[in-house]
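In what follows, a structure is listed as structure tokens, so that the remarks can point back to it.
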Amino acid sequence: MTDDGPANQALAGRVHRLALIVPGDPDQPTGGYRYDARVAQELRRLGLAVDVVGLAGRFPDADERAGAALDSTLSALPDGRLAVIDGLALGGLPEIAHRHAGRLALIALVHHPLADETGLTPALRDRLLDCESRALAACRRIVTTSEFTARRLSDLGVDPHRVRVVPPGVDPAAPRQPADSPVQRLLCVGSLVPRKGQDLLIDALAGLKDLSWRLALVGDPDRDSEFARSLEGDIDRHGLAERIEILGVQSPDALDATYRNADLLVVPSHYEGYGMVVTEALARALPMIATTGGALIDTVPPTAALQVPAGDRRALADALRRWLVDSDLRAEKQAGAQRLRRSLDDWTATGRRFAEALDITIGKTAA
């Protein structure tokens, strides 16, 4: 890739407008989509015009409809336009990325490498790895949401000098409301998909029926309806229907109340590119038990959490038992979460860092 031509102008401080391209509906309630939406919102507050485009088709194992949608979207952009493409939309379509790379300044926004998703067949994993590597080669720059993901891309052969890290921010929130009850209120937030590990959490809790707890599962059951149904079956099989409630997707206000009414966040994920639930819990002084899966090994603070190896049901059960029986441990982690609550960066800082990552000089919004 050369460093001259119209595409390079977009990384030389002469940008007033960009396109942010995502797969499917931009308003989906997952961490990745919420990150994209908040970055767009903050860039607009800084005076940059941001056009958010949702693509039709299947992603990330892209089908013909997806390819046509990305190709037509990029074709409609004028020469030199900066186009930030979410990795889910970009990674499966390297040929289209290279087709437009000389005319546009393509920026990849990578939450985690596509091949790191849980439950892929070896053939699909290899295909996604190859496709994403070639697609990233077409990009002028790559933004990741965590240092962990930046290191993973380096492991996959991406030049680290092309990568910028812009972690998510968090909205200020009221602290959690301690309950005057012996029942510990456990919370797990995340789409009901295998990577999030809710099945491991249910199995771990099945051996803790002698202790007082309740669990709320918050997350979209439609992203993998078969897995969501299997979770319901696990709950019934273990006789936990009176203790575990699947709440589905919640509105922002309802989720805020759910966080603040919990005693512990549990993050049983096999892998996270960042894990926005971590900072969302800390903003409310909510401690947690989390795995070391992916970026969680970096983003989960030990002063406010217990950590266990990803995929280890026994270790997760042991940590939960410790939490439920040890009031001193609970007080220690609750105090740690309270201290950390005041040190979190907000979304305004994230927006500025994102602009800086693209070497953008914020100016007047283009017409």
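The values are calculated or read from the model by the stated rules, or taken from the named source; none is laboratory data. Remember, it's a predicted structure, so these values are computed and weren't measured experimentally. A quick note on method: Cβ atoms are made from the backbone with ideal geometry, for glycine too, and the neighbour counts reach across all protein chains shown.
One residue is enough: does region 74-85 have a residue meeting the conditions assigned to a helix (DSSP H, G or I) and of a type outside the set (S, T, N, Q)?
The answer is yes; a qualifying residue exists.
If a residue must be free of Cβ contacts under 8 Å to residues at least 40 places away in the same chain, part of a helix (DSSP H, G or I) and more than 25 Å from PRO194 (Cβ to Cβ), how many such residues does region 281-304 contain?
Residues in region 281-304 being free of Cβ contacts under 8 Å to residues at least 40 places away in the same chain, part of a helix (DSSP H, G or I) and more than 25 Å from PRO194 (Cβ to Cβ): 3 in total.
Yes/no per residue for (1) outside any loop (DSSP other than H, G, I, E, B); (2) under 21 Å from the mean Cα position of the chain (by Cα):
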site	(1), (2)
LEU88	yes, yes
GLY92	no, yes
ARG103	no, no
ALA108	yes, yes
ALA115	yes, yes
LEU124	yes, no
LEU128	yes, yes
ARG134	yes, no
ILE142	yes, yes
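If only one of ARG65, ARG45, ARG38, ARG58 is surrounded by fewer than 17 Cβ atoms within 10 Å (Cβ to Cβ) and closer than 26 Å to TRP347 by Cβ, which one is it?
Answer to the selection: ARG45.
If you go through region 241-280, how many residues are within 28 Å of VAL143 (Cβ to Cβ) and assigned to a loop (DSSP other than H, G, I, E, B)?
Final tally of qualifying residues: 8.
Say we look at region 204-227 and pick out the residues that are touching a Pro at 6+ places or on another chain (Cβ under 9 Å) and buried (at least 21 other Cβ atoms within 10 Å of the Cβ); which of these is farthest from ALA115 (Cα to Cα)?
By that ranking, first place goes to ALA204.
Select, from ARG353, ARG321, the only residue that is touching a residue at least 24 places away in the same chain (Cβ under 8 Å) and farther than 21 Å from LEU200 by Cβ.
It is ARG353.
Tally time: how many residues in region 176-229 are part of a helix (DSSP H, G or I) and touching a Leu at 6+ places or on another chain (Cβ under 9 Å)?
Final tally of qualifying residues: 12.
Working carefully through the options VAL170, VAL158, find the one that is within 23 Å of the chain's Cα centre (by Cα), farther than 30 Å from ARG99 by Cβ and outside any strand (DSSP E or B).
VAL170
Output the residues belonging to region 305-344 that are closer than 27 Å to VAL143 by Cβ and either surrounded by 15 or more Cβ atoms within 10 Å (Cβ to Cβ) or at pLDDT 95 or above (or both).
Passing the criteria: ALA305, GLN307, ALA310, LEU340, ARG341, LEU344.
Filter region 167-203 down to residues that are of a type in the set (A, V, I, L, M, F, W, C) and in contact with a Gly (Cβ under 9 Å, 6 or more places away or on another chain) and give me whichever is surrounded by the fewest Cβ atoms within 10 Å (Cβ to Cβ).
Per the stated criteria, the residue is VAL193.
Give LEU120, LEU90 a once-over and let me know the one that is crowded, with 16+ Cβ neighbours inside 10 Å, without any contact (Cβ under 8 Å) to a residue 24 or more places away in the chain and not aromatic (Phe, Trp, Tyr).
None of the others qualify; the one that does is LEU120.
May I ask you to say which residue of ASP36, ASP51 is modelled with pLDDT of 95 or more, assigned by TED's automatic domain parsing to the domain that holds LEU106 and assigned to a helix (DSSP H, G or I)?
Going through ASP36, ASP51 in turn, just one is modelled with pLDDT of 95 or more, assigned by TED's automatic domain parsing to the domain that holds LEU106 and assigned to a helix (DSSP H, G or I): ASP36.
Given the options ARG223, ARG237, ARG195, name the one that is basic (Lys, Arg), assigned by TED's automatic domain parsing to the domain that holds GLY293 and more than 23 Å from the chain's Cα centre (by Cα).
Unique residue meeting the criteria: ARG237.
Within the bounds of region 289-297, is there any residue that is assigned by TED's automatic domain parsing to the domain that holds ALA254 and over 19 Å from the mean Cα position of the chain (by Cα)?
There is no residue in region 289-297 that is assigned by TED's automatic domain parsing to the domain that holds ALA254 and over 19 Å from the mean Cα position of the chain (by Cα).
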